[in-house]
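Asks: First, the structure itself, so that you have it in front of you.
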Amino acid sequence: MTLIAGVMALAASAQNPKLHIYLCIGQSNMEGNAQIEQMDRTDVPERFRMMAAVDFSNPQRTKGEWYTAVPPLVRQG
């Protein structure tokens with residue numbers, strides 16, 4: 001247990017304070033039923049990324065690849 005705490009403390013002290021990574025992880029109930037509007041697809045910064053969970057045909061996405069987080073994010077429909 002002490003070894004794990006030591007490794008975690010070392011890793012925490014080695015972090016870059018200017019780099020922030022946020023993970024948004026959820027289940028299928030986060031898909032929601034809201035309509036995707038044009039404002040949701042416009043001017044999405046490139047730094048907001050998502051990994052395709054399934055293959056999409058529209059927009060063209062491949063499962064496991066990273067893309068700018070422009071809706072739809074979970075499934076194409």
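Asks: When you scan the stretch 11-22, do you find a residue that is modelled with pLDDT under 80, assigned to a helix (DSSP H, G or I) and among the aliphatic types (A, V, I, L, M), even just one?
Replies: The answer is yes, given that some residue of the stretch 11-22 is modelled with pLDDT under 80, assigned to a helix (DSSP H, G or I) and among the aliphatic types (A, V, I, L, M).
Asks: All but one of (1) more than 22 Å from residue 19 (Cα to Cα); (2) loosely packed, with under 11 Cβ neighbours inside 10 Å hold for residue 75; state the number of the condition that does not hold.
Replies: Here residue 75 meets the rest and fails (2).
Asks: Also, I was wondering about something else. List, please: which pairs have Cβ atoms under 7 Å, are six or more places apart or on different chains, and start with a residue in the stretch 46-66 that is open to solvent by 90 Å² or more (accessible area, probe 1.4 Å) and end with one that is assigned to a loop (DSSP other than H, G, I, E, B) and basic (Lys, Arg)?
Replies: 55/63
The values are calculated or read from the model by the stated rules, or taken from the named source; none is laboratory data. The shown structure was predicted, so the numbers you read here are calculated from the model rather than taken from an experiment. When we count neighbours, we look across all protein chains shown, and the Cβ atoms used for this are built from the backbone with ideal geometry, even at glycine. In case anyone asks, the SASA skips ligands and DNA or RNA and just uses the protein heavy atoms, side chains included. Shrake-Rupley method; radii C 1.70, N 1.55, O 1.52, S 1.80 Å.
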